[in-house]
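Step one of this worksheet: look at the structure below.
Derivation of every value follows stated rules applied to the coordinates shown; laboratory data play no part. Keep in mind the model is a prediction, meaning the values are calculated, not measured. Note that each Cβ is placed from the backbone with ideal geometry, even for glycine, and that neighbours are counted across all protein chains shown.
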Amino acid sequence: SQQGEEDPQALSIQEGENATMNCSYKTSINNLQWYRQNSGRGLVHLILIRSNEREKHSGRLRVTLDTSKKSSSLLITASRAADTASYFCSKDGGSQGNLIFGKGTKLSVKP
Amino acid sequence: GAVVSQHPSRVICKSGTSVKIECRSLDFQATTMFWYRQFPKKSLMLMATSNEGSKATYEQGVEKDKFLINHASLTLSTLTVTSAHPEDSSFYICSGGTGAPSNYGYTFGSGTRLTVV
């Protein structure tokens with residue numbers, strides 16, 4: 001399976017703490033993307049990082065990519081209760097040009 | 001930014017009936033629409049890919065006669081679940097693209113929760 005794997009599967013933290021989620025993949029990529037999904041809702045794009053990039057920032061989000069280890073991490077700093085959601089990494093390379101998603105990390109931020 | 005409008009957001013139907021889900025790209029032309037299915041606490045699994053004006057490509061194990069996809073225009077793609085059964089109950093999400101993701105990634109609809117009773 002080309003599907004990526006996120007860990008942890010679930011993460012519970014207090015507001016103000018940092019949350020780190022990891023993603024590993026098996027085959028080479030052109031880019032890797034992180035998405036957020038609130039319960040029962042669609043996906044919201046967070047960050048796209050290309051294979052020649054090592055780190056990318058967007059507000060309180062920081063994504064790193066290590067192509068030698070085929071892994072990526074998403075760091076949310078100073079978390080808020082509103083960050084509670086599931087986070088998915090996805091890679092390009094689907095046979096139809098589609099994205100291939102990992103299983104996701106369910107983040108719970110307690111106020 | 002690009003928006004994909006998906007309707008309905010929730011639908012409950014009886015076994016044996018058909019349900020149509022629509023995805024419209026509002027401010028861009030989606031030459032490709034990906035249809036995903038998501039089971040509870042699971043990841044998104046690609047069901048099929050539709051390209052405007054041509055037949056959809058279905059993933060292995062997805063019944064093309066059961067999940068009818070139409071992509072008649074660059075702004076509208078539909079998924080019809082025919083003769084629905086309780087096991088078809090799931091969350092369906094579409095994603096529109098113009099060929100390759102920009103720095104903003106692919107644009108997803110808000111999803112449709114289908115419950116077949």
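Results, tabulated for the structure shown:
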{"read-out": "For the range A:32-58 and the range B:28-103, distance of Cα centres in Å", "value": "21"}
{"read-out": "Signed unit charges on C-beta, dipole axis of chain A, positive-most listed residue A:ALA10, A:GLN96, A:ILE47", "value": "A:GLN96"}
{"read-out": "Cα-based radius of gyration of the range B:8-110 once divided by 2.2 N^0.38 Å, which approximates compact folds", "value": "1.04"}
{"read-out": "Isolated Cys residues of chain B, judged by Cβ distance under 4.7 Å to other cysteines", "value": "B:CYS13"}
{"read-out": "Amide H contacts under 5 Å for B:ALA48, placed H, 5+ residues apart", "value": "B:TRP35, B:GLU59"}
{"read-out": "Cα-centre dipole for the protein assembly as shown with unit charges at Cβ (Lys and Arg positive, Asp and Glu negative), debye to 20", "value": "260"}
{"read-out": "Charge dipole (chain B, unit charges on Cβ, about Cα centre) - positive-most of B:SER18, B:PHE108, B:LEU68", "value": "B:SER18"}
{"read-out": "Global geometry of the range A:16-95, whether rounded, prolate or oblate, following the gyration tensor of its Cα atoms and the 1.5 cut on a/c", "value": "oblate"}
{"read-out": "Nonlocal Lys pairs with alpha-carbon distance under 17 Å, chain B (8 or more apart, or different chains)", "value": "5"}
